[in-house]
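Report on the structure given below.
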Amino acid sequence: MSDFEKLARARRDLEETRNDLSKRIAEDAPDKADLILLHDRVSRAIKALSGSF
C-alpha cells in the first residue's frame with residue numbers, strides 16, 4: 001500500500017468517525033459538548049489530510 005493510499009484510507013476512516021459523531025450529537029447525547037469538540041477536531045484532521053487550508 002502506497003503512502004497516498006494510506007492517507008486516503010485514514011481520511012475515509014475519519015469521515016466515518018465524523019458521520020458517527022454527527023449522529024450522536026443529533027441524538028442529544030449527555031456529553032454533547034465533548035462530542036462537538038471532537039467533531040471539530042476530526043473535521044480539522046480531515047481538512048489537513050485533504051490539503052485544503
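I need the full set of residues from segment 20-32 which are open to solvent by 90 Å² or more (accessible area, probe 1.4 Å) and not acidic (Asp, Glu), in order please.
Result: Lys23, Arg24, Pro30.
Could you please find all residues in segment 1-52 being of a type in the set (D, E, K, R) and at pLDDT below 90?
Answer for segment 1-52, where residues must be of a type in the set (D, E, K, R) and at pLDDT below 90: just Asp28.
In segment 4-19, is there at least one residue being without any contact (Cβ under 8 Å) to a residue 24 or more places away in the chain, aliphatic (A, V, I, L, M) and surrounded by fewer than 13 Cβ atoms within 10 Å (Cβ to Cβ)? Show your work before the answer.
First, the residues of segment 4-19 that are without any contact (Cβ under 8 Å) to a residue 24 or more places away in the chain: 4-6, 8-9, 12-13, 16, 19.
Next, only the ones that are aliphatic (A, V, I, L, M) stay: 8.
With the extra rule that they be surrounded by fewer than 13 Cβ atoms within 10 Å (Cβ to Cβ), the set shrinks to none.
The answer is no; no qualifying residue exists.
The values are calculated or read from the model by the stated rules, or taken from the named source; none is laboratory data. Owing to the predicted nature of the structure, the values given are computational and were not obtained by experimental measurement. Ideal geometry is used to build each Cβ from the backbone, glycine not excepted, and the neighbour counts take in all protein chains shown. Heads up: the accessible areas ignore ligands, DNA and RNA and are worked out on the full protein's heavy atoms, side chains in. Shrake-Rupley method; radii C 1.70, N 1.55, O 1.52, S 1.80 Å.
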